[in-house]
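Below you'll find the structure, written out as structure tokens, and then a few comments.
The values are calculated or read from the model by the stated rules, or taken from the named source; none is laboratory data. Computed from a prediction, not measured in an experiment: that's the story for all the values here. A quick note on method: Cβ atoms are made from the backbone with ideal geometry, for glycine too, and the neighbour counts reach across all protein chains shown. Surface accessibility is based on the protein's heavy atoms, side chains included, excluding ligands, DNA and RNA. Shrake-Rupley method; radii C 1.70, N 1.55, O 1.52, S 1.80 Å.
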2 protein chains.
Amino acid sequence: MELRLALLGCGNVGHALLEMVTEKEHDLLRRFDLRLSFTGGLTRSAGGWVAPEGLTARQVLSSGWPLGELPTGSVPFAGDGVAFAAACPADALVELTSLRPQTGEPAISHVRAALASGRHVVTANKGPIAHAYRDLRELAAEHGVSLRFESTVLDGTPIFNLADFTLPVTRILGFRGPLNSTSNFVLSQMMAGASVEDGVTAAQRAGVAEADPSYDLDGWDASVKAVVLANVLMDADLRPADVKRLKLGAQAMRTAVAALKPRATLKQMVEATRGADGHVEASVRLVPLPPGDAFAHLAGMETGLRLRTDTMGELTLIEGEGGPGQTAFGVLTDLITIVRGLAPSVRRGPPSGGLGR
Amino acid sequence: MELRLALLGCGNVGHALLEMVTEKEHDLLRRFDLRLSFTGGLTRSAGGWVAPEGLTARQVLSSGWPLGELPTGSVPFAGDGVAFAAACPADALVELTSLRPQTGEPAISHVRAALASGRHVVTANKGPIAHAYRDLRELAAEHGVSLRFESTVLDGTPIFNLADFTLPVTRILGFRGPLNSTSNFVLSQMMAGASVEDGVTAAQRAGVAEADPSYDLDGWDASVKAVVLANVLMDADLRPADVKRLKLGAQAMRTAVAALKPRATLKQMVEATRGADGHVEASVRLVPLPPGDAFAHLAGMETGLRLRTDTMGELTLIEGEGGPGQTAFGVLTDLITIVRGLAPSVRRGPPSGGLGR
């Protein structure tokens, strides 16, 4: 079968996805009888296009878009992201726009428009899941389509697919992990003697920190991830502002590194538990880990997550060095999950699309 | 739907499975519309029974079988395991007999008889997968039934289900891990100053080592696991004797502990890679791990596995303390996977069974 994709946002992850789809073209066909075609693309800076007949990933890549020309065989699309999500002649929207952590917009509106027009959605953007998961899940079910988001936490490391397909009848009782790699990179530098400022500069030079590092160091990135995990895995209904952020930021990091006992390792850790009243509580804080904690020994940009379950006890996942390729893989996995009919609320057979077909 | 199970072997894992099915009865029904019934049981010491109408797990447990009476509503079954696997009026055989690592028998014959008579098989026994995976996989496909074996390595920690459902179009390029917990328990004791003999005694007291510890310490348990992983995840065709077992056993452990550098940790490690000629090579050996290796810090009976992949880079799983409950969970997961129709070669609708219905 063919699955027609609309690509909304195309930075490093979008580019890596186009490359991976090209590289895995033969495997997708052989293993899943699946051809992925691209019927539209839109970025804020490069504008948009649609190609109702569908282009291969290779064709999109060879055009040089979004840095070069519009792909051959496409026509310009003039509307905004919401119009694109609702009108592109695609079976699934691949939402890869940048996160606005405070509101989750405009990604929420993109996802909503696609689901409401009968399209599956795969997103690597944490915003919609952190701010509007319950609504969007319900909208997807109403329209018989799927909403998948493996790459929102730990790139493509299986977390949500792990829970859905390998941990049935399992209750997730809690989780913890060093989920913000920038903070932990900076803390590693500081424990080796660098200042916060030098650590941040090193992180920026390594391409892992934003120009403004406070989003990472102050725990907002980790809070958004905590909320995504808690809402999906533990059926909580938290928002990022509900997460307790304790002793974070540059000054707290300096103090905590100075007070660190020998052989301990400081990490910015996310933790969630279900309280006695049934409510889920999530926190982000600086934690001195003893040498016996496997998380104490994660190198550079490695991240991890430990799930506490009622069936398997504790189960820990560690991702090696992540990046756009790993994020793109999570997106590809989600698309395959939808096509295999594994995902909930899958309507078999593609919709006709807004333009043509 | 109802899935009728024949339970072949019923030690700690079988008992834990009966308890878990009882405990999760409501979830199974609500989430998967699934009722698991038991239509037969057989152990070497307690003999066998069949109950074509099906008993609940609670009913089997309350009979006290296999230590007490045959369950109420059952009739004795006089044949051996092969006859039971072929004739029990069940949709799936749950094979939980003890491993004979040299040959995989009689479990291979049990599995073969069940598949050939159109029954799904779930096994926690490494023997059939280590010695006859390709044949059995083909037999299952021929008869349109499934063969699942999540619990053969790291108890119910998702390894095979992880690969099948969360890592599509991914090539496993290699793996490594401290897979034999008894050896690693004994090595921990030795690094704390105990002799091999004291370490073994402590492991036996903790209920984790056999009366004859050589199967673990000499690397045979790890070799069988390595072969299961290599044959399934990397499409190798190895047998346990093909695994390189280097510097293992009590004397090698003494020497290696004595030569250990400060801060290093000694583990018995399994490793597999694909050589330049395309063949998979697997080994078991004592490895001094540097403090930066997350596996160096696994406590007591914790085990782990690191996969090297072409899509996600390195991905590591760590199981907390395992045991019969975790193994039973893997078996239950496999049964649910079959019922959800996720597993390959699933024939929808249960067969009529050999006796009645």
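Results, tabulated for the structure shown:
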| quantity | calculated |
| --- | --- |
| Conditions (1) among the small types (Gly, Ala, Ser); (2) without any contact (Cβ under 8 Å) to a residue 60 or more places away in the chain; (3) over 15 Å from residue B:175 (Cβ atoms): number failed by residue B:282 | (3) |
| For residue A:66: the one exception among (1) more than 19 Å from residue A:335 (Cα to Cα); (2) of a type outside the set (Val, Ile, Thr); (3) within 14 Å of chain B (Cβ to nearest Cβ) | (3) |
| Checklist (1) open to solvent by 30 Å² or more (accessible area, probe 1.4 Å); (2) at pLDDT 95 or above; (3) within 30 Å of residue B:257 (Cα to Cα) applied to residue B:282, failing item | (1) |
| Test result for residue B:320, within 9 Å of chain A (Cβ to nearest Cβ) and at pLDDT below 95 | yes |
| Residue match in segment A:2-18 (condition: open to solvent by 20 Å² or more (accessible area, probe 1.4 Å), under 30 Å from residue A:228 (Cα atoms) and either without any contact (Cβ under 8 Å) to a residue 60 or more places away in the chain or in contact with a Phe, Trp or Tyr (Cβ under 7 Å, 6 or more places away or on another chain) (or both)) | no |
| Subset of segment B:231-241 [assigned to a helix (DSSP H, G or I) and open to solvent by 80 Å² or more (accessible area, probe 1.4 Å)] | B:241 |
| Among (1) open to solvent by 10 Å² or more (accessible area, probe 1.4 Å); (2) farther than 18 Å from residue B:333 by Cα; (3) at pLDDT 95 or above; (4) within 24 Å of the chain's Cα centre (by Cα), the one test that residue B:99 misses | (3) |
| Residues satisfying the stated conditions in segment A:307-317, i.e. surrounded by 18 or more Cβ atoms within 10 Å (Cβ to Cβ) and more than 8 Å from chain B (Cβ to nearest Cβ) | A:307, A:308, A:309 |
| Matching residues, segment B:95-118, being of a type in the set (Ser, Thr, Tyr) and out of contact with any Leu (no Cβ under 7 Å at 6 or more places or on another chain) | B:98, B:103, B:109, B:117 |
| Segment B:19-49, residues that are in a strand (DSSP E or B) and either within 26 Å of residue A:171 (Cβ to Cβ) or open to solvent by less than 10 Å² (accessible area, probe 1.4 Å) (or both) | B:35, B:36, B:37, B:38, B:39, B:40, B:41, B:48, B:49 |
| Unique match (being more than 14 Å from chain B (Cβ to nearest Cβ), out of contact with any His (no Cβ under 9 Å at 6 or more places or on another chain) and among the aliphatic types (A, V, I, L, M)) among A:61, A:42, A:34 | A:42 |
| Residue identified as farther than 30 Å from residue B:154 by Cα, in a loop (DSSP other than H, G, I, E, B) and either within 14 Å of chain B (Cβ to nearest Cβ) or touching a Phe, Trp or Tyr at 6+ places or on another chain (Cβ under 8 Å) (or both) among A:89, A:101 | A:101 |
| Unique match (being within 14 Å of chain A (Cβ to nearest Cβ) and in contact with an Asp or Glu (Cβ under 7 Å, 6 or more places away or on another chain)) among B:273, B:303 | B:303 |
| Subset tally (residues that are aliphatic (A, V, I, L, M) and either more than 21 Å from the chain's Cα centre (by Cα) or more than 24 Å from residue B:36 (Cα to Cα) (or both)) for segment B:75-96 | 6 |
| Some residue of segment A:65-76 being in a helix (DSSP H, G or I) and touching a helix residue (DSSP H, G or I) at 6+ places or on another chain (Cβ under 6 Å) | no |
| Pairs with Cβ under 9 Å, 6+ apart, first in segment B:325-342 and at the interface with chain A (Cβ under 9 Å from one of its Cβ atoms) and among the charged types (D, E, K, R), second surrounded by fewer than 23 Cβ atoms within 10 Å (Cβ to Cβ) and part of a helix (DSSP H, G or I) | B:340/B:32 |
| Filtered residues of segment B:39-67 (kept if touching a Gly at 6+ places or on another chain (Cβ under 7 Å), among the hydroxyl-bearing types (Ser, Thr, Tyr) and closer than 12 Å to residue B:9 by Cα) | B:43 |
| Number of the condition not met by residue A:135 [criteria: (1) open to solvent by 10 Å² or more (accessible area, probe 1.4 Å); (2) closer than 22 Å to residue A:222 by Cβ] | (2) |
